[in-house]
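The values are calculated or read from the model by the stated rules, or taken from the named source; none is laboratory data. Because the structure is predicted, anything quoted here is derived from the model rather than measured. Quick reminder, even Gly has a Cβ in these numbers, built from the backbone with ideal geometry, and neighbours come from all protein chains shown.
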Amino acid sequence: MKSLKEEDPEVYKAVVDELTRQRDGLEMIPSENFASPAVLEAIGSVLTNKYSEGYSGKRYYGGNQFIDVIERLAVERAKKLFNVPHANVQPYSGSPANLTISFTVCKPGDTVMGQNLTDGGHLTHGWKTSLTGMVFNSVPYHVRPDGYIDIEEARRLAMEHKPKLIWIGSSAYSREFPFEEFSKIADECGAYLAADISHITGLILAGAHKSATPYAHIIMTTTHKTLRGPRGAMIMVTERGLKKDPELAEKIDKMIFPGMQGGPHNNTTAGIAVALLEASTPQYREHGHQVVKNSKALADELMKKGIKLVTNGTDNHMILVDLTPFGKGTGVFVQDALDTAGITVNKNTIPNDPASPFYPSGIRLGTPTLTTRGMKEQEMREIADMIFQIIAAVKQYQLPEGKEERAAYIKKFKEEIQDNAQVKSTRSRVLDLCKKFPLYPDM
Ligand SMILES: *Cc1c(COP(=O)(O)O)cnc(C)c1O
């Protein structure tokens with residue numbers, strides 16, 4: 001980054017600091033990953049300079065012969081890997097992609113159905129503060145008290161409210177998604193089924209999670225999570241989707257451009273193409289299976305230590321820890337203490353959370369980035385011990401009942417945690433472990 005260093009030392013410093021943070025910590029937010037150096041080179045390339053509204057072969061600007069090559073590579077690779085007849089690789093990110101899908105198959109006021117946000121669902125599946133919840137009539141389904149998706153409730157609500165669009169796939173769910181059951185529900189009520197596989201794309205491509213292709217009409221995935229590509233998204237239409245509406249592919253394309261977006265981010269498209277090539281290798285398959293093996297090893301070890309997990313385990317890359325035995329709304333303390341020790345997670349609601357979404361009673365953990373660094377089951381057991389130590393170190397902290405007292409209490413907690421001996425010793429264990437698994441060694 002020679003030029004950046006010379007021209008803008010402030011931005012340069014923040015980028016270097018962020019690289020150091022990623023290297024020296026355990027990044028356990030399940031929606032994150034480390035893209036390969038090849039992907040990073042593609043997204044940092046001159047492709048960012050070019051305008052190319054339209055699709056390959058049909059552009060509104062000249063000079064797109066090489067952009068066409070790149071977009072076609074990304075599209076063809078996506079079609080082949082996901083076994084779908086149509087792929088659009090232009091969505092800027094997952095949220096605009098989901099809005100696009102919603103507007104393609106629904107009119108304002110129509111009913112949409114998705115997993116409720118505080119039950120693990122994504123904002124864009126109809127939550128009230130998202131455009132998808134403002135423009136459409138949202139009827140969410142939930143998880144059962146045991147943490148599994150309530151398929152019976154979803155069926156009952158679907159028959160009663162006749163949604164035009166049903167979402168399956170979410171952001172905080174540690175079990176296999178019931179694509180087949182939801183496909184039947186969608187058929188019974190006449191809805192489109194959109195599988196949002198953002199979190200589990202990499203697992204699907206590795207064969208470590210059931211594919212959505214035989215069941216959904218439309219598939220959306222972000223490209224920066226388990227897929228390990230740049231920040232972006234893809235919308236795919238399946239054979240089932242084309243059977244339901246032979247024009248569905250054209251409708252999606254038109255709703256992306258000109259409906260929703262202008263020029264595609266060609267550097268991102270190139271990064272997606274590279275990530276898809278990487279995802280077609282035997283090493284990637286092995287990686288995807290290891291992500292799940294690591295997640296299961298981490299879950300087993302946490303449970304052995306008496307930590308409660310939602311659904312008592314995991315099928316995928318993610319674990320939801322239920323902290324209610326330590327008090328309600330304690331996710332914030334565990335998240336901050338782990339962060340201080342160099343383990344990054346996010347606080348998360350658990351099913352029927354006794355506290356509020358802002359002060360939830362759980363944390364969400366994931367193994368994708370740890371696996372990308374090369375860690376295996378043995379390291380997961382060590383990390384489980386670190387997490388256990390941190391939970392033990394903060395369990396005397398309880399969220400005050402009075403809303404006014406909370407800010408001051410948390411501020412005091414944050415100060416105290418800096419000097420906590422247990423947190424300090426965990427920080428050095430984290431550093432030792434990170435040194436054994438260097439990240440971006442050539443940068
Ligand atoms: C991450 C995610 C999205 C949104 O992606 P952004 O790129 O953050 O807009 C949509 N759906 C699900 C299930 C996700 O996990």
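So which residues in segment 202-235 are out of contact with any Gly (no Cβ under 9 Å at 6 or more places or on another chain) and among the polar types (S, T, N, Q)?
Across segment 202-235, the qualifying residues are S211, T213.
G342 - would you say it is free of Cβ contacts under 8 Å to residues at least 60 places away in the same chain and in contact with an Asp or Glu (Cβ under 7 Å, 6 or more places away or on another chain)?
no
When segment 398-443 is examined, which residues are found to be assigned to a loop (DSSP other than H, G, I, E, B) and either on the phi > 0 side of the Ramachandran plot or surrounded by 11 or more Cβ atoms within 10 Å (Cβ to Cβ) (or both)?
Q398, L399, P400, N420, F437, P438, L439, Y440
Quick check on this structure: which one of K50, K5 is in the same structural domain as N266 (by TED's automatic domain parsing) and more than 30 Å from T426 (Cβ to Cβ)?
Of the residues listed, the single one that is in the same structural domain as N266 (by TED's automatic domain parsing) and more than 30 Å from T426 (Cβ to Cβ) is K50.
Are any residues in segment 374-397 closer than 19 Å to S361 by Cβ and either exposed (fewer than 15 other Cβ atoms within 10 Å of the Cβ) or out of contact with any strand residue (DSSP E or B) (no Cβ under 9 Å at 6 or more places or on another chain) (or both), and if so, which ones? If you could, list the steps in order and put the result at the bottom.
To start, the set of residues in segment 374-397 that are closer than 19 Å to S361 by Cβ comprises 387-388, 390-397.
Selection gives F388, A392, A393, V394, K395, Q396, Y397.
Could you identify the single residue in G121, G62 that is crowded, with 19+ Cβ neighbours inside 10 Å and either part of a loop (DSSP other than H, G, I, E, B) or not assigned by TED's automatic domain parsing to the domain that holds T223 (or both)?
Of G121, G62, the one residue that is crowded, with 19+ Cβ neighbours inside 10 Å and either part of a loop (DSSP other than H, G, I, E, B) or not assigned by TED's automatic domain parsing to the domain that holds T223 (or both) is G121.
With T129, T104 as the choices, which residue is under 29 Å from H224 (Cα atoms), more than 22 Å from the chain's Cα centre (by Cα) and among the polar types (S, T, N, Q)?
Within the list T129, T104, the selection yields T104.
Give the residues of segment 282-311 that are in a helix (DSSP H, G or I), among the aliphatic types (A, V, I, L, M) and in contact (Cβ under 8 Å) with a residue 12 or more places away in the chain, sorted by residue number. Working first, answer last.
Looking only at segment 282-311, we keep the residues that are in a helix (DSSP H, G or I), and these are 282-304, 310-311.
Imposing the further condition that a residue be among the aliphatic types (A, V, I, L, M) reduces the set to 291-292, 297-299, 302-303, 310.
Of everything in segment 282-311, those that are in a helix (DSSP H, G or I), among the aliphatic types (A, V, I, L, M) and in contact (Cβ under 8 Å) with a residue 12 or more places away in the chain turn out to be V291, V292, A297, L298, A299, L302, V310.
Considering V135, V84, which residue is away from the ligand (no atom under 16 Å from the Cβ), in the same structural domain as A158 (by TED's automatic domain parsing) and in contact with a Cys (Cβ under 9 Å, 6 or more places away or on another chain)?
Exactly one residue qualifies, and that residue is V135.
Looking at segment 97-116, I want the residues that are assigned to a strand (DSSP E or B) and at pLDDT 95 or above and have a partner that is of a type in the set (S, T, Y) and within 13 Å of the ligand (Cβ to nearest atom) with Cβ atoms under 9 Å, at least 6 apart or on another chain. Which pairs are those?
Filtered contacts from segment 97-116: V112/S102; V112/T132; Q115/S170; Q115/S171; Q115/Y173.
Among the residues of segment 218-234, are any modelled with pLDDT of 95 or more, in the same structural domain as E176 (by TED's automatic domain parsing) and over 20 Å from S171 (Cα atoms)?
There is no residue in segment 218-234 that is modelled with pLDDT of 95 or more, in the same structural domain as E176 (by TED's automatic domain parsing) and over 20 Å from S171 (Cα atoms).
Out of the residues in segment 286-322 that are basic (K, R) and more than 19 Å from the chain's Cα centre (by Cα), state the one that is surrounded by the most Cβ atoms within 10 Å (Cβ to Cβ).
Step by step, filter segment 286-322, then rank; the result is K308.
If I filter segment 16-39 down to residues being among the β-branched types (V, I, T) and within 22 Å of K225 (Cβ to Cβ), which single residue comes out as surrounded by the fewest Cβ atoms within 10 Å (Cβ to Cβ)?
By that ranking, first place goes to I29.
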